């Protein structure tokens, strides 16, 4: 780090000293030294920023710049033929076109550079381990849902998150809806996008790719994922199934949430609050803190009470997890007794500690 700092100082001082002695543009020695110093600082700043850019973006920017310069050269030839007698206007227009085309090519090439697959080039780039799924497409439902922002903050998502322009348009239509509930959901989705863009560790890109011949947004997402060989992040059950039929990989937020729910095994005992009556005879229904439904046999008369139930089976589906249990008064009585004894010991401990403090 110290060696790099010395090299940077050297490259800042060299232009300053050279400008001081050479005095370019007929400047005075002190002013020329200041200009040289600013030039050296600009070079160092450019080097620092360049180190943060990925190789794919650098290649994309270089290709875009070359194409921009080539286009500017061709346009300059046309301008020279169109305005042959104007000696002052033509050079100015040619310079303006050169700067414009170079800048546009640089910016557009850098923005599209992340989509390059360097491993396909082989040779020097063949050893670079570039996954085909380095970026992931977000659909409207997962943006509105909002949990994608919490997952991204944990650092479990790598690569780039891509939001197609047609998804943004759909989100805007929802946010402008006359229905207040839809409008709130759309605005929530826009807030989630802003939250994602503010995460420093995350690369969020908005792409213009569209498929005008396809009207359905879900099918557009699938075609886009096929084009770039990437994954779709969603919590839409139907999109999940259709994408799998088309051979497109899907990351389903609902499946992730279900996988993170506490594991309950048959035979275990759990304590639940019976909220309502079940569909079948003498059933009660309870819900865990994470929203998992618990269907309890023989618990209809225990509605609005907290009871201990024995787990009989667990049903895992793509829509979520369901736990089935049975209420047994004997098991409930045993656990109630144990719970009462623990509370009694806790009160005795608290009263004993209070007595010691009073004696002190």
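The values are calculated or read from the model by the stated rules, or taken from the named source; none is laboratory data. What you see is a predicted model, and the numbers here were worked out from it, not measured in a lab. Reconstructed Cβ throughout: ideal geometry from the backbone, glycine too, with neighbour counts over all protein chains shown.
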ask   = Given the structure, is residue 29 at pLDDT 80 or above, in contact with a helix residue (DSSP H, G or I) (Cβ under 6 Å, 6 or more places away or on another chain), crowded, with 16+ Cβ neighbours inside 10 Å and in the same structural domain as residue 98 (by TED's automatic domain parsing)?
value = no
inquiry  = Looking at 228, 281, can you tell me which residue is in contact with a strand residue (DSSP E or B) (Cβ under 8 Å, 6 or more places away or on another chain) and over 19 Å from residue 152 (Cα atoms)?
reply    = 228
task = Go through the residues of the stretch 167-175 one by one and say whether even a single one is touching a strand residue (DSSP E or B) at 6+ places or on another chain (Cβ under 6 Å) and either touching a residue at least 12 places away in the same chain (Cβ under 8 Å) or not assigned by TED's automatic domain parsing to the domain that holds residue 219 (or both).
result = no
Residue count, the stretch 316-334 (criterion: at pLDDT below 85 and in a strand (DSSP E or B)) = 4
remark   = From the option list 254, 235, 240, single residue qualifying as under 30 Å from residue 309 (Cα atoms), under 20 Å from the mean Cα position of the chain (by Cα) and either surrounded by 18 or more Cβ atoms within 10 Å (Cβ to Cβ) or in the same structural domain as residue 143 (by TED's automatic domain parsing) (or both) is 254
query = Scanning the stretch 284-304 for residues that are out of contact with any strand residue (DSSP E or B) (no Cβ under 6 Å at 6 or more places or on another chain) and farther than 25 Å from residue 254 by Cα, which turns out modelled with the lowest pLDDT?
reply = 301
ask   = Of 297, 308, 289, which residue is out of contact with any helix residue (DSSP H, G or I) (no Cβ under 9 Å at 6 or more places or on another chain) and surrounded by 17 or more Cβ atoms within 10 Å (Cβ to Cβ)?
value = 297
key: Qualifying residues in the stretch 107-143 (those that are part of a helix (DSSP H, G or I) and over 28 Å from residue 221 (Cα atoms)) - the one modelled with the highest pLDDT   = 125
query = What do you reckon, is residue 162 assigned to a helix (DSSP H, G or I), at pLDDT 85 or above, within 20 Å of residue 224 (Cβ to Cβ) and assigned by TED's automatic domain parsing to the domain that holds residue 233?
reply = no
task = Please indicate, with yes or no, whether at least one residue in the stretch 196-218 is free of Cβ contacts under 8 Å to residues at least 40 places away in the same chain, touching a helix residue (DSSP H, G or I) at 6+ places or on another chain (Cβ under 6 Å) and surrounded by 20 or more Cβ atoms within 10 Å (Cβ to Cβ).
result = no
task = Could you check how many residues of the stretch 1-12 are touching a helix residue (DSSP H, G or I) at 6+ places or on another chain (Cβ under 7 Å) and modelled with pLDDT of 80 or more?
result = 1
